[in-house]
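The values are calculated or read from the model by the stated rules, or taken from the named source; none is laboratory data. Since we're looking at a predicted model, the values are computed, not measured. Using ideal geometry, Cβ is built from the backbone for each residue, glycine included, and neighbour counts are taken over all protein chains shown. Ligands, DNA and RNA are excluded from the accessible area calculation, which covers all protein heavy atoms including side chains. Shrake-Rupley method; radii C 1.70, N 1.55, O 1.52, S 1.80 Å.
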Amino acid sequence: MDNQCIIQFFEWNLPPDALLWQRAEAQARNLRNLGFDIIWLPPAYKGARGVRDAGYGVYDLYDLGEFDQKGGVPTKYGTREEYLKAIKSLQKAGLSVLVDIVLNHRMGADETEKVQAVKDNPENREQEVGGERQIEAWTKYTFPGRKGKYSDFVWDWTCFTGIDWDEKKEEGGVFQFEGKDWSEEVAEEKGNFDYLMGADVDMNNEKVVKELVRWGKWYLDTTGADGFRLDALKHIEYSFYEKWLDAARKKADEDLFAMGEYWSGDVEELLGYLDNCGRRMSLFDVALHMHFRDASQSGGGYGMQGLFADTLVERDTLHAVTFVDNHDTQPGQALESWVEEWFKPLAYAAILLRRDGLPCVFYADLYGLRSDGVPPVPGLRRMLAARKLCAYGEQHDYFDHEHVVGWTREGDKDHEHSGCAVLMTDKDAGEKTMYVGKQQAGQAFRDITRREWDPVVIGEDGNGTFKVPGGGVSVYVRPEMYREIGVNWE
Ligand code: CA
């Protein structure tokens, strides 16, 4: 399929109405028509906060909204039946479905256990503060509402490396259990970043790994998913996902797609993880996201010629999933690094209309962030259409100026009337002469976002002089494409 594109079909502040699966099903055809090929659905298993849990506070991996646990049957997004039905409908409409896999931690245990533990300095987990003592930890998971259906595995403290709460003293902190070590195969931040939140799952425990591999096969069998989005890789030993992914691919399909969340803006760290996991997956291009965020906050002082320098899409194109924002970066969230609104159209042009990278569009950018009164990104739907219809062929880059940068696509024979020119600036209005190909000579390219602008007629030499308004982006395409892209003023 040409110019594939992912939709992240949720944001953090969706209402807890248990209706997302139904909405996804109802939108299946629409999403296809908008230009999406792949849909990423949020975690579907019961979280500690029940219907109010966005899914990342995992309680029971086998409860996809089927059992009366944590205050009710459905998850925040609906019931198991609705989930499975939505996946089928989405696939029938031609979308591949990626499911969200959250294995680093558990929350909302059913019982406490007495465990010997030491307290670590939260800012340096290599450093103990205070001696060993007995704590009362929420580590026993018996899932009384499920009664052993699908798996009779009971989680106890031996399945975890540490936890953030001593019930006995009602004291928070980072507690490391007796005889357990934080994994060495994780990020080095905070001394050792194995521990993120909740009860940290011990992936060095054979029986835990076996159970999670078994669950993975069950989950693929149950859902028929086409691939994965893997959560919190920075905090999980890389060798775990080697085993887990290999087992899943053996079970389902050698080419099962996987994209991982390794939250680092340092491209070397992202490349290091790809090396460590044997490039078994793609990673979100967090480095590029941080560039977008920085550029959006720099008030016209960013240096746009370096927008793609030291990003994953530049350094390892084939393993980069590009994105602008997500449920973690949105306002109020843990990794808040929201790309300011004025810059979003520029950022989306940069991920949707270039040759490299697999772009992932955020729900809140497509539909608006209702909780914060943020409207949809203007022009995003047209850019999605332009990606599908026009952004093909040879690419010519013009990252040659501090503020005004752009690129062109020459178009190709497989896509009639394709080709485009993109120009953007983080500061003042500007213009640039760019080459779109001699085969485009005489064509009157127009900006799909501005009706008042005159067309740019491509010269015999294949060049056109395109312009862009201050702090904006222009996307020029051939006249034949205006209507198809949703430009109905012709
Ligand atoms: Ca961990």
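List, in the order given, every pair from Lys169/Lys207; Lys140/Lys250; Lys168/Lys190; Lys140/Lys180; Lys388/Lys413 whose Cα-Cα distance in the structure shown is over 20 Å. Before the final figure, lay out each step's value.
Values: Lys169/Lys207 31 Å; Lys140/Lys250 32 Å; Lys168/Lys190 26 Å; Lys140/Lys180 17 Å; Lys388/Lys413 14 Å.
Where the Cα-Cα span goes over 20 Å, the pairs concerned are Lys169/Lys207; Lys140/Lys250; Lys168/Lys190.
Could you check what % of the DSSP bridge pairs in region 125-273 are antiparallel, to the nearest 5? Walk me through the intermediate numbers first.
On the way: 7 of 11 bridges.
Once the DSSP bridges in region 125-273 are tallied, antiparallel ones form about 65 percent.
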Asn276 paired with Glu126, simple spin-label distance in nm, labels 7 Å along Cα-to-beta-carbon: 1.5 nm
Using only the Cα atoms of region 27-76, build the gyration tensor, take square roots of its eigenvalues as a ≥ b ≥ c, and label the shape rounded, prolate or oblate: rounded if a/c is under 1.5, else prolate if a/b is larger than b/c, else oblate. prolate
Under a Cβ-Cβ limit of 4.7 Å, which cysteines in the chain have nobody to pair with? Cys5, Cys159, Cys277, Cys360
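Shape verdict for region 440-490, please, from the Cα gyration tensor: rounded (a/c under 1.5), prolate (a/b greater than b/c) or oblate. Mind dumping the intermediate values first?
On the way: a/c = 2.30, a/b = 1.17, b/c = 1.96.
In terms of gyration-tensor shape, oblate.
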Do me a favour and compute the ellipsoid semi-axes for the chain from its Cα gyration tensor, root of five times each eigenvalue, largest one first, whole Å. 45, 24, 19
If unit charges are put on Cβ atoms (+1 for Lys and Arg, -1 for Asp and Glu) and the dipole of the chain is taken about its Cα centre, the option from His105, Tyr56, Ile485 lying farthest towards the positive end turns out to be Ile485
For region 123-137, in order, what is each residue's ³J(HN,Hα) by Karplus, 6.51 cos²θ - 1.76 cosθ + 1.60 with θ = phi - 60°, in whole Hz (x at glycine and Pro)? 8, 8, 6, 7, 10, 7, 10, x, x, 6, 8, 8, 10, 10, 10
Projected onto the charge dipole of region 320-456 (unit charges on the beta-carbon of Lys, Arg, Asp and Glu, signs +1, +1, -1, -1), the Cα from Leu366, Gln440, Ala347 with the largest positive-side position is that of Gln440
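Looking only at the chain, where both bridge partners belong to it, what percent of the DSSP beta bridges are antiparallel (to the nearest 5)?
Values: 52 of 76 bridges.
Given both bridge residues lie in the chain, the antiparallel proportion sits at roughly 70 percent.
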If you average the C-alpha positions of region 77-111 and of region 295-354 separately, how far apart do those two centres end up, in angstrom? 27 Å
For the chain, accessible area per residue (1.4 Å probe, heavy atoms of protein chains only), Å²: 39 Å²
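How large is the helix-only mean residue ellipticity at 222 nm for the chain, computed as the sum of -39500 (n - 2.57) over DSSP H runs with n ≥ 4, divided by its residue count, in deg cm²/dmol to the nearest 500? Don't skip to the answer; put the middle values down first.
On the way: 10 runs with 110 residues, N = 490.
Computed mean residue ellipticity for the chain: -7000 deg cm²/dmol.
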For the charge dipole of the chain, defined by +1 on Lys and Arg C-beta atoms and -1 on Asp and Glu C-beta atoms about the Cα centroid, which residue among Leu19, His289, Gly459 has the Cα displaced farthest towards the positive pole? Leu19
Per-residue ³J(HN,Hα) for region 287-301, Karplus 6.51 cos²θ - 1.76 cosθ + 1.60, θ = phi - 60°, Hz, x for Gly and Pro: 4, 5, 4, 5, 4, 4, 4, 4, 4, 5, 9, 8, x, x, x
Taking the alpha-carbon centroid of each part, what is the distance from region 217-272 to region 121-151 in angstrom? 25 Å
Looking only at region 1-159, where both bridge partners belong to it, what percent of the DSSP beta bridges are antiparallel (to the nearest 5)? 70 percent
Residue by residue, what Karplus-based ³J(HN,Hα) values in Hz, rounded to whole numbers, does region 204-210 have, using 6.51, -1.76 and 1.60 with θ = phi - 60° and x for Gly and Pro? 8, 8, 3, 5, 5, 4, 4
So if I restrict to the alpha-carbon atoms in region 203-341, what is the Rg, and what is Dmax, the biggest pairwise distance, in Å? 16.9, 54
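In the P(r) worked out for region 373-464, what percent of Cα pairs fall beyond 18 Å?
Numbers: 2050 of 4186 pairs.
For region 373-464, the share of Cα pairs beyond 18 Å comes to 49 percent.
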